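Here's the structure, in structure tokens; my notes come after.
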Amino acid sequence: MKNKLILFLLAAAALIVLPLIAQQFGAGWVRIMAIALLYVMLALGLNIVVGYAGLLDLGFVAFYAVGAYMFALMASPHLFETFEWIAAVFPNGLHTPIWIVVPLAALLAAIAGVILGTPVLRLRGDYLAIVTLGFGEIIRVFMNNLEHPVNITNGPRGLDRIDSMRLFGFDFGRAIDIGDFRIPSVTLYYYLFLLLVVASVVICHRLELSRIGRAWMAIREDEIAAKAMGINVRNMKLLAFAMGAVFGGVSGAMFAAFQGFVSPESFSLMESIMIVAMVVLGGLGHIPGVILGAVLLAALPEVLRYVAGPLQDMTGGRLDAAILRQLMIALAMIVIMLMRPRGLWPPREHGKAAPTQVTVK
């Protein structure tokens, strides 16, 4: 127990100091770390649905989009320029603080999760994956086309001029100076995302050890047996979709504030596949494994953008960072499925004896 405490303290100190060191080499490195933390939150949310409850969801990016567009509409001048009555009611604009944004993003995403979960309760496996994939694409198409006859999302042009995140008057979009040392905005967002990731890990860990978590795992292993034991399978599935969507909605709101711009292209099918790949790569149902998979697939392809120059020169410019990103995801998934089918850091199998060598006489 003492060794674990020391390890946690060292990891916490490293996570706090690392962006301060990385910002000396450019804000781009801190930005990569912040984006990786966003993907960790997304992967933890999807892990509730896929890892705990065993429901293959390929439309998880829809909840990410709901949270992002919710914050973008509440923190950009788009609504005031489009609807005169909103401008009359809020003449100074809506500058929504974080303590309103986070619960609202969580609530809207949870409602979207229930809306998705209700019609697919009887579906399993490939059929469930196809329907959830379609739900994610429906949300993206809606965001792309809700500009006529009433312009709500500004269509493919997206929403810009989004306010930065604010908390009790503190603006994460402005750098702060401590003596001669400056902490830029991207580093402040990193610390905000880090706090949210820590809270997400605690929530996921408590859920895993709770009666709800055990019910999800029972449904994952054998739905018929779980139902025979008295578990309300319908409600547990809906709760899994809603809880996973909460993480997606909050991450989307953070993404909109961090980027200052959202468009339908940010929530494509490839993003959903990326998040699923993170969970499968790290280890289904295992929080440390999911974090590892999210960091690897979110950060390493971005790092390759800085080292892809020589490869581009060797191929006459035909190989760019985007191709390397896709190639890395594909190769990682193939290698992991062949070498470690349960992921890089899978959970321990409870209740099973260690394999022993059998001697045939």
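The values are calculated or read from the model by the stated rules, or taken from the named source; none is laboratory data. Every value quoted in this text rests on a predicted model; they were computed, and no experiment measured them. Note that each Cβ is placed from the backbone with ideal geometry, even for glycine, and that neighbours are counted across all protein chains shown. Note: areas computed on protein heavy atoms with side chains; ligands, DNA, RNA excluded. Shrake-Rupley method; radii C 1.70, N 1.55, O 1.52, S 1.80 Å.
Using Cα centres only, tell me the gap between region 199-226 and region 68-131 in whole Å. So the two Cα centres are separated by 27 Å.
Share of region 1-52's accessible area from carbon and sulfur, percent, 1.4 Å? After summing per-atom areas, the C and S share lands at 80 percent.
Please report the net charge: other residues with Cβ closer than 15 Å to the Cβ of GLY136, K and R +1, D and E -1. It works out to a net charge of -3. For SER164, the shell of other residues with beta-carbons less than 10 Å away shows a net charge of 0, using +1 for Lys and Arg and -1 for Asp and Glu.
The share of alpha-carbon pairs in region 86-140 lying farther apart than 13 Å comes to 71%. Here the spin labels are modelled as points 7 Å beyond Cα on the Cα-Cβ line, and at GLU81 and ALA27 they lie 2.3 nm apart.
Hey, quick one: spin label on THR118, modelled 7 Å out along Cα-Cβ, who in region 216-253 has an amide N within reach, i.e. under 14 Å? Counting backbone N atoms under 14 Å from the label point, the list is 235, 238-239, 242. Note on region 175-258: with neighbouring protein chains present and a 1.4 Å probe, carbon and sulfur make up 63 percent of its accessible heavy-atom surface. A simple spin-label model places pseudo-atoms 7 Å from Cα toward Cβ; at VAL233 and ILE138 they are separated by 2.3 nm.
Sorting 15-28, 64-77, 210-223 by average packing, meaning the other beta carbons within 10 Å per residue, from highest down gives 64-77, 210-223, 15-28.
In the context of the full set of protein chains, residues of region 1-89 present 44 Å² of accessible surface per residue (probe radius 1.4 Å, heavy atoms only). Along its three principal directions, the equivalent ellipsoid of the chain from the Cα gyration tensor extends over semi-axes of 34, 27, 22 Å, largest first. Of the DSSP H helices in the chain, those with a Cα length along their own long axis of 24 Å or more and a mean Kyte-Doolittle hydropathy reaching -1.0 comprise 2-22, 27-46, 98-117, 125-145, 185-209, 233-259, 287-307, 321-339.
When Lys and Arg each count +1 and Asp and Glu each count -1, what net charge do the other residues less than 13 Å away from ALA62, Cβ to Cβ, add up to?
-2
Projection of the Cα convex hull of region 47-164, averaged over all directions and equal to a quarter of that hull's surface, yields 8.5 nm².
Computed from the C-beta positions of ILE111 and ARG214, the FRET efficiency with R₀ = 22 Å rounds to 0.25. Using a probe of 1.4 angstrom and keeping all protein chains present, the accessible surface of region 143-197 works out to 56 square angstrom per residue.
Residue ranges 116-122, 242-248 sort as 242-248, 116-122 when ordered by packing (mean number of other C-beta atoms within 10 Å per residue, highest first). Looking at the square roots a ≥ b ≥ c of the eigenvalues of the Cα gyration tensor of region 151-245, which shape do they give, rounded for a/c under 1.5, prolate if a/b is larger than b/c, or oblate? Taking the square roots of the gyration eigenvalues as a ≥ b ≥ c, region 151-245 is oblate. Projected label points at ALA14 and TRP99, each 7 Å from Cα along the beta carbon direction, are separated by 3.5 nanometres.
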